[in-house]
Amino acid sequence: MNPSAAPPPPPPAPLAGDRSVTGAVAMLHVRDVEASARFYQLLGLERQNQVTLPDGTPVWQWMGRRGANVMLSRASGPIDAANQAALLYLYAPDVHALRAHLLAAGLRDGGPFTGAGPLTTSTVFAVSHPHHMPGGELRIHDPDGWCLLVGSTRQPIGAWPE
């Protein structure tokens, strides 16, 4: 250690009481709030609060169920699906059953995700089994190109340390 170097500053004190963040929820800009709300209902989320224009057009929608929440907000400009620089990571007990449900509801079958080819929307890909999610992980692209990854909450015995 260099004796002339100043010691590192102490870590900040943790926030207490009402000054700390107690939750977070993603807000996605979408072309059509109603169409996106119908899509997220396919994933089991329920419509909660909604804001509409005087003509009844929805411009904001809260979707949620058992701690899984997302806000949908009508975009003020064009959405470039190829440049969605975020993804949502969700969890479900049975990703294979969820995939079958989404295919039956009319989403496109993207087969195994390779990352090649044009960006797709309203597409569900084959379940993969990456190292971090041996019970299965499902990739979905919503109507605006947002990427959703759904990890299985049912992991093989010994997959995660106790």
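How many residues are closer than 15 Å to Leu28 by Cβ and within 15 Å of the chain's Cα centre (by Cα) if we restrict to segment 62-80?
Within segment 62-80, residues that are closer than 15 Å to Leu28 by Cβ and within 15 Å of the chain's Cα centre (by Cα) number 9.
Would you confirm whether or not segment 79-91 contains a residue that is β-branched (Val, Ile, Thr), at pLDDT below 90 and either closer than 26 Å to Gln48 by Cα or in contact with a strand residue (DSSP E or B) (Cβ under 6 Å, 6 or more places away or on another chain) (or both)?
Initially, segment 79-91 is screened for residues β-branched (Val, Ile, Thr), giving 79.
From the residues that got through so far, the ones that are at pLDDT below 90 too are 79.
In the following step, the residues that additionally are either closer than 26 Å to Gln48 by Cα or in contact with a strand residue (DSSP E or B) (Cβ under 6 Å, 6 or more places away or on another chain) (or both) were identified as 79.
Yes, because at least one residue in segment 79-91 is β-branched (Val, Ile, Thr), at pLDDT below 90 and either closer than 26 Å to Gln48 by Cα or in contact with a strand residue (DSSP E or B) (Cβ under 6 Å, 6 or more places away or on another chain) (or both).
Do we find a residue being in a loop (DSSP other than H, G, I, E, B), over 17 Å from His141 (Cα atoms), not β-branched (Val, Ile, Thr) and not assigned by TED's automatic domain parsing to the domain that holds Arg139 anywhere in segment 37-46? Walk me through it before giving the result.
Looking only at segment 37-46, we keep the residues that are in a loop (DSSP other than H, G, I, E, B), and these are 43-45.
Among the residues that remain, those that are also over 17 Å from His141 (Cα atoms) are: none.
Checked segment 37-46: no residue is in a loop (DSSP other than H, G, I, E, B), over 17 Å from His141 (Cα atoms), not β-branched (Val, Ile, Thr) and not assigned by TED's automatic domain parsing to the domain that holds Arg139.
Which ones in segment 83-106 are within 19 Å of Ala26 (Cα to Cα), out of contact with any helix residue (DSSP H, G or I) (no Cβ under 7 Å at 6 or more places or on another chain) and not polar (S, T, N, Q)?
Taking segment 83-106 and keeping what is within 19 Å of Ala26 (Cα to Cα), we get 83-92.
Then keep just the ones that are out of contact with any helix residue (DSSP H, G or I) (no Cβ under 7 Å at 6 or more places or on another chain); that gives 83-91.
Listed by number, the residues that qualify are Ala85, Ala86, Leu87, Leu88, Tyr89, Leu90, Tyr91.
Just checking, how many residues over segment 107-136 are touching a helix residue (DSSP H, G or I) at 6+ places or on another chain (Cβ under 7 Å) and among the charged types (D, E, K, R)?
1
Read through the list (1) at pLDDT 95 or above; (2) surrounded by fewer than 15 Cβ atoms within 10 Å (Cβ to Cβ), then give the number of the only condition that Leu45 fails.
The one condition Leu45 does not meet is (2).
Which of the residues belonging to segment 19-57 are without any contact (Cβ under 8 Å) to a residue 12 or more places away in the chain and not β-branched (Val, Ile, Thr)?
Result: Arg19, Ser20, Gly23, Ala24, Arg38, Leu53, Pro54, Asp55, Gly56.
With the structure loaded, tell me whether Trp60 is among the hydrophobic types (A, V, I, L, M, F, W, C), in the same structural domain as Val33 (by TED's automatic domain parsing) and touching a residue at least 24 places away in the same chain (Cβ under 8 Å) or whether it fails that test. Break it down stepwise before answering.
Values: among the hydrophobic types (A, V, I, L, M, F, W, C): yes; in the same structural domain as Val33 (by TED's automatic domain parsing): yes; touching a residue at least 24 places away in the same chain (Cβ under 8 Å): yes.
In short, yes.
How do the pairs read when you match residues in segment 137-158 that are over 9 Å from Val95 (Cα atoms) and among the small types (Gly, Ala, Ser) with residues anywhere that are surrounded by fewer than 19 Cβ atoms within 10 Å (Cβ to Cβ) and at pLDDT below 90, using Cβ under 9 Å and keeping only pairs 6 or more apart or on different chains?
Correct list of pairs: Gly145/Ile79; Gly145/Asp80; Gly145/Ala81; Gly145/Ala82; Gly145/Asn83; Gly145/Gln84; Gly145/Leu119; Gly145/Thr120.
The values are calculated or read from the model by the stated rules, or taken from the named source; none is laboratory data. These numbers come from a predicted model, not from an experiment. All Cβ positions, glycine included, derive from the backbone under ideal geometry; neighbour counts span all protein chains shown.
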